[in-house]
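The values are calculated or read from the model by the stated rules, or taken from the named source; none is laboratory data. Bear in mind that the values here come from a model prediction, so they are computed numbers and not experimental data. Quick reminder, even Gly has a Cβ in these numbers, built from the backbone with ideal geometry, and neighbours come from all protein chains shown.
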Amino acid sequence: MEITIKENDYKIGKISVREQFHLMRKLTPAATAIIPLFQKGEGVMESELDGLTPFANIISSMSEADADFCLFSLLRCVEKKEKGGLGFSPIASKDSYIIFYENIKIMEMLMIAFEALKYNFKDFFLDLQSSLPEKSLPV
């Protein structure tokens with residue numbers, strides 16, 4: 001899936017099933033906060049911050065190690081389009097918690113991670129929503 005954030009083009013790939021499992025272990029306690037993000041559908045949010053706020057709140061409540069694991073699991077599946085037709089390059093190291101582009105600031109980084117979360121886990125959260133009792137979801 002290709003997206004544009006802050007005038008930069010990105011390609012989001014799939015996270016391995018094993019990494020998805022471990023990422024879900026960390027995110028599941030916040031599932032009721034995440035599910036509504038998937039109910040609006042693609043491109044329906046009124047502003048960039050509509051979905052980002054609950055996502056940022058979830059990340060902020062985690063330990064530093066868990067937040068790094070979740071954030072970089074999402075960023076590692078993303079590539080940035082190089083200027084001049086040079087194709088796409090990874091934005092984050094596969095082996096450490098390093099972002100390769102100094103011009104990616106915190107808001108853009110969170111937006112990229114949020115889009116990677118939506119792309120990789122949309123089916124999971126929609127299936128989870130349908131299996132939860134109706135009263136367990138926030139209004």
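Total residues in the stretch 71-108 satisfying the condition of being among the basic types (Lys, Arg) and surrounded by fewer than 15 Cβ atoms within 10 Å (Cβ to Cβ): the figure is 3. Taking the stated definitions as given, is SER89 part of a strand (DSSP E or B) and either of a type outside the set (A, V, I, L, M) or at pLDDT 95 or above (or both)? Yes, satisfied. Summed over the stretch 55-86, the residues that are assigned to a loop (DSSP other than H, G, I, E, B) and either acidic (Asp, Glu) or in contact with a strand residue (DSSP E or B) (Cβ under 9 Å, 6 or more places away or on another chain) (or both) give a count of 3.
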